[in-house]
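Undergrad: This structure is in structure tokens; I'll ask about it shortly.
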Amino acid sequence: MGYKLVKFNVVPEENEQIDAIIKVPKEPRSVIHGVVLDECNRPKKDAVVKLLKMSSHDPKRLEPITHTFTDEHGQFLFGPLCPHVKYVIKVWINHVKTRELVIKPEECNDNCIENPNDDHDCNHNYRTHNEEEHEEQIQIRMSLNDDEL
């Protein structure tokens, strides 16, 4: 990057000229700026770009650092990054399937939020509709098996 971005606040008075001299400290960190293009060299908007750090001991081991999405011009930016570190970039485009997942909280005691010592943890007790259906199917099968005995 070369030099750090510095920020300072100035409040000029009426009819005042301020002569500012700004010294910026050297910046040893780097950035990665890139563009994702499709097979026809058109910029790809909303591609997922993931940054991974390569292990110095085992090059096959990758540690996820962060991810971003490309803008309308297919551009992405990662930084600031440490110098002399090996990074890997992975990109996902096209035909990303999305689906809506409805999450419904379980019933809980009205005073469970007011009483943190209560055994009911309402804040972390969420299930999807699929989990409920699966649980109901298990209960139905169990009751059928009980009747058969």
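The values are calculated or read from the model by the stated rules, or taken from the named source; none is laboratory data. Not measured: the values here are computed from a predicted model. Cβ coordinates were reconstructed from backbone atoms using ideal geometry, including for glycine residues, and neighbour counts include every protein chain displayed. SASA here: full protein model, heavy atoms, side chains in, ligands and nucleic acids out. Shrake-Rupley method; radii C 1.70, N 1.55, O 1.52, S 1.80 Å.
Undergrad: Would you check if K60 is surrounded by 14 or more Cβ atoms within 10 Å (Cβ to Cβ) and not in a strand (DSSP E or B)?
TA: Taking the combined requirement at face value, the residue does not satisfy it.
Undergrad: T68 versus (1) in a loop (DSSP other than H, G, I, E, B); (2) surrounded by 10 or more Cβ atoms within 10 Å (Cβ to Cβ): which is the lone unmet condition?
TA: (1)
Undergrad: Give the residue that is least open to solvent (accessible area, probe 1.4 Å), with candidates limited to residues of region 17-47 that are under 16 Å from G79 (Cα atoms) and among the hydrophobic types (A, V, I, L, M, F, W, C).
TA: Applying the first criterion (under 16 Å from G79 (Cα atoms)) to region 17-47 yields 26-35.
Remaining after also requiring among the hydrophobic types (A, V, I, L, M, F, W, C): 31-32, 35.
Working: V31: 66, I32: 45, V35: 78 Å².
Here the answer is I32.
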